[in-house]
Amino acid sequence: MAEGRPGERADQIRRLIRLFEQMNVDEAVKMFTEDCRYRFANFPAAKGRAGVRQSATSSHLKAIKGCTFDIQELWEFDGGDVVVCQMDINYIRTDDSVLTLPCTDVFRMEGPLVKDMRVYMDPSPLFK
Amino acid sequence: MPFATRSVMVNAPVESIWSMLRSDAENPGKYLPHPGVDIKVHESFADGLVREVKSADMHRFERVAFDKNARQVTFTLERHPLYSGSIVHKVVTPEDPGAWPILTFTMDLEPRAADADEQPGARGFLDAATADAMLAAVSRMKDVVEAQSPRYTTTPMSRNQQLVRQMFLAGESMHVENFVQFYSADARYQFSNFPVVIGPDGIIGASQDFIKTVKYCVHHVQNLWEIDDSTLVCEMTVDYVRKNDLKKVTLPCCDTIRIKDGKVQDLRIFMDIMPIFAA
């Protein structure tokens, strides 16, 4: 059972998602544990903060200049150990066209930090 | 190409299920009735036997192999003029906590001649290799095992948990008509980036490319979380086996599920399915 008040982890995830929206990877990686695991769709899991930084800044982010996340559901459970976030991600391409893709993230928490983040989505339209 | 596979959850220890699978193959008719079917064991070995199965519309010899480690009984056709291949009875220990063992019957035959399916001796095979016949067979085995062995779990699985797991099992056989029975008439079904469809007919229409491509799939549930009385989240990997080259692709997947009055009201599947369509 995690310590802290109910909803505290969910608030952390809201904050993390805002940082991703701002593409503020420097601050975002600080919300992960040092030995964290980050898996984006079918790609192999990245390890550690450096792995998160590399995964979050490479690949699909090159083709876009911005993104917004419309959170539809944010569930914190297992005493705050797990947070699930269902959302629509709006990717703004370099030509200003918007691509909206559904996504669900599953977070395992260690205290206020993320020790495991799994991104479930089909990012293939980003690469076209 | 007679092929069918169906799985059910069995509320019994894996050992009891395995023991019954083996006993039923060794002593046909003793535990499960096989009406209209005459089965004779001709030879028996330490880890298998040869038997002859005869009914009004089928006659076959089969070599039966017991694989205790895999908890699998394989019935391989021997010298049959029309088909080669096998029937497999298998029990799998679930990977996630709170789940029950899964019993699977699969019939996978290849015709030995182009017109095999049209021959009179094919009828019994073709009738057996349907999703409904396979479900009836695997359900009979489940009923016998559950009646004979002490109930496995002391805390019963919630109705929503059962519903979701049964829905996954129904989907594995690619028998979409059965799968959609789990959905309400106005259910919302969203498969990744594909357009949202509504209700059973919408799901059937949207699934056609998938059914053409995939022979069967297996869900390996890692976590099935109940958020509240109507909401579940399922984290899993899914094995997809393609029809054309039998290539197996294992992909991570997360579903969010809403249930209302015993039917799925909203299912959202979050995954990248594209590798199954790639060369």
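Helix B:14-26 axis versus longest C-alpha principal axis of chain B: approximately 30°, rounded to the nearest ten.
Rounded to the nearest 20 debye, what is the charge dipole size of the protein assembly as shown about its Cα centre when +1 sits on each Lys and Arg Cβ and -1 on each Asp and Glu Cβ? Roughly 620 debye, rounded to the nearest 20.
With the charge dipole of the stretch B:159-276 set up from +1 on Lys and Arg Cβ and -1 on Asp and Glu Cβ about the Cα centre, the Cα lying farthest toward the positive end among the listed residues B:Phe194, B:Gln161, B:Val233 is that of B:Phe194.
Computed from the C-alpha gyration tensor, the three semi-axes of the ellipsoid equivalent to the protein assembly as shown are 45, 24, 19 Å, from longest to shortest. Packing, taken as the mean count of other beta carbons within 10 Å per residue, orders the peptides A:78-91, A:16-29 from highest to lowest as A:78-91, A:16-29. For the residue pairs A:Lys47/B:Lys68; A:Lys128/B:Lys243; B:Lys54/B:Lys247; B:Lys90/B:Lys215; B:Lys30/B:Lys247, the C-alpha atoms sit more than 30 angstrom apart in A:Lys47/B:Lys68; B:Lys54/B:Lys247; B:Lys30/B:Lys247. The Rg/Rh ratio for the stretch B:3-148 is 0.96, where Rg is the radius of gyration of the alpha carbons and Rh is the Kirkwood radius. Divide the volume of the convex hull around the Cα atoms of chain B by the residue count and you get 141 Å³ per residue.
Once the Cα atoms are used to define both axes, helix B:131-148 deviates from the longest principal axis of chain B by about 80 degrees. From helices alone, chain A scores -6500 deg cm²/dmol at 222 nm; the rule is -39500 (n - 2.57) for each run of n ≥ 4 DSSP H residues, then divide by the residue total. Partner shielding of A:35-45 amounts to 2, given as the average count of beta-carbon atoms from other chains within 10 Å of each residue beta-carbon.
Partner shielding of B:252-262 amounts to 3, given as the average count of beta-carbon atoms from other chains within 10 Å of each residue beta-carbon. Note on B:Ala113/A:Thr57: beta-carbon distance plugged into 1/(1 + (r/R0)^6) with R0 of 51 Å gives a FRET efficiency of 0.30.
Apply the a/c threshold of 1.5 to the C-alpha gyration tensor of the stretch A:31-97 and tell me whether it is rounded, prolate or oblate. Oblate, since a/c reaches 1.5 and b/c is not below a/b.
Pairs of alpha carbons in the stretch B:159-276 separated by more than 21 Å make up 32% of all such pairs.
The angle between the Cα long axis of helix A:8-21 and the longest principal axis of the Cα atoms of chain A comes to about 20 degrees, rounded to the nearest 10. Within the stretch A:8-119, the percentage of alpha carbon pairs spaced more than 25 angstrom apart rounds to 15%. Mean separation of Cα pairs under 8 Å and 6 or more residues apart, divided by the residue count, gives chain B a relative contact order of 16 percent.
Using C-alpha pairs under 8 Å with a sequence gap of at least 6, the mean separation divided by the residue count of the stretch A:8-119 gives a relative contact order of 27 percent. Looking at the stretch B:114-216, the trypsin sites (Lys or Arg not before Pro) that sit in a DSSP loop and have at most 14 other Cβ atoms within 10 Å of their own Cβ are B:Arg151.
Since every read-out is calculated from the coordinates, none of them should be taken as a lab result. Computed from a predicted structure; not experimentally measured. Every residue, glycine as well, gets a Cβ built from its backbone with ideal geometry; the counts of neighbours run over all protein chains shown.
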